[in-house]
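Single-structure report; data block below.
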Amino acid sequence: MRRSSSPPWFGGRYQGQVAVVTGASSGLGVQLCRDLARAGATVIGLARRREPLDALAKDLSALSKGSSTMVCDVADTVAQRSALQLIASIHGPIDILINNAAQDPGIRLVDITEGDFRHTFDVNFFAPVAATLEVLPSMLERGRGIVINVSSDGGRLPAPGPGAYPSSKAALSAFSESISYRLGPKGVSTHVVYPAFMGTELGMGALGRGLRKPPGMATRTEETVSHQILREAGGPGLEISVSKLIDAAMLFRNLMPRTYRRLRRNW
């Protein structure tokens, strides 16, 4: 797919906004940080790995004054809350929170432990919940803000396996929908993202463990996904679903559940 040659300004609506993106050391997180910075936001990217964050920080500061990165393991929710508080003290209230960080234990059902499930939920569910709860008071006080939770199509169409990753993402989707009913009328937009398959570290790791490569209509680049998220963010819709093919699979599952399950066992 041809990459865009011009910055995605998104109508200028991100100009001057303070945005935090977790999972910013690679993949979609890096792309979201760069696109938001190009659009004029002050962007702070959070992740565990310092080296890729340092490289990203140079790019961000060149694109948007004040943008930077911060080392933070979001599984440590106390540290994550402290990071968000520090960001707000330096840059002002956080306008956009993108909970993108995720991890997949990559362990077979016969080998996975309760601890593996707990760590997966710590990163994929409890970290986004804690971050959301941290920024909400300020958003509600101002009557505006955007919370974007990057879920997974596996959370709504789980594949055969141990279930840690898809169940954590299903929980994140349910949390996002539940709070959206309360926050929307108060000016805070909540979105849950179903990004299709991307060739990120996480995605390629799943392929390496035996996941069948999805069809082209269910595969997207990080740039495509980032641009769709930022086009739709702040709008009235809860779900930002990138693949119409997967939307159709959801309909098929609901209309013909037995046939769907029979086919899904082997996919």
Flagged in segment 232-247 as loosely packed, with under 15 Cβ neighbours inside 10 Å, touching a His at 6+ places or on another chain (Cβ under 9 Å) and either of a type in the set (Val, Ile, Thr) or more than 12 Å from residue 193 (Cα to Cα) (or both), in numbering order, are 235
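One line per residue, one yes/no per condition, for (1) at pLDDT 90 or above; (2) charged (D, E, K, R); (3) not in a helix (DSSP H, G or I):
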site	(1), (2), (3)
226	yes, no, no
237	yes, no, yes
240	yes, no, yes
261	yes, yes, no
266	no, no, yes
Looking across segment 54-82 at residues that are within 17 Å of residue 147 (Cα to Cα) and touching a strand residue (DSSP E or B) at 6+ places or on another chain (Cβ under 8 Å), the single one that is surrounded by the most Cβ atoms within 10 Å (Cβ to Cβ) is 74
Please tell me if residue 145 is among the small types (Gly, Ala, Ser), crowded, with 18+ Cβ neighbours inside 10 Å and on the phi > 0 side of the Ramachandran plot.
yes
What residue, among those in segment 165-195 that are among the hydrophobic types (A, V, I, L, M, F, W, C) and more than 17 Å from the chain's Cα centre (by Cα), is surrounded by the most Cβ atoms within 10 Å (Cβ to Cβ)?
188
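Can you confirm whether residue 115 is assigned to a helix (DSSP H, G or I), over 20 Å from residue 150 (Cβ atoms) and at pLDDT below 95?
The answer is no for residue 115.
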Under 8 Å between Cβ atoms, which residue pairs at least 6 apart in sequence (or on different chains) link something in segment 14-37 that is in contact (Cβ under 8 Å) with a residue 12 or more places away in the chain with a partner that is among the β-branched types (Val, Ile, Thr) and assigned to a loop (DSSP other than H, G, I, E, B)?
18/94; 19/94; 20/94; 22/74; 23/74; 26/200; 27/200; 28/200
Quick check on this structure: which one of 206, 171, 233 is out of contact with any Gly (no Cβ under 6 Å at 6 or more places or on another chain) and at pLDDT below 85?
206
Could you tell me whether segment 104-113 includes any residue that is of a type in the set (A, V, I, L, M, F, W, C), under 19 Å from residue 161 (Cα atoms), out of contact with any Gly (no Cβ under 9 Å at 6 or more places or on another chain) and surrounded by fewer than 17 Cβ atoms within 10 Å (Cβ to Cβ)?
yes
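The values are calculated or read from the model by the stated rules, or taken from the named source; none is laboratory data. Note that this is a predicted model, so its numbers are computed, not measured. Note: ideal-geometry Cβ built from the backbone for every residue, glycine included; neighbour counts use all protein chains shown.
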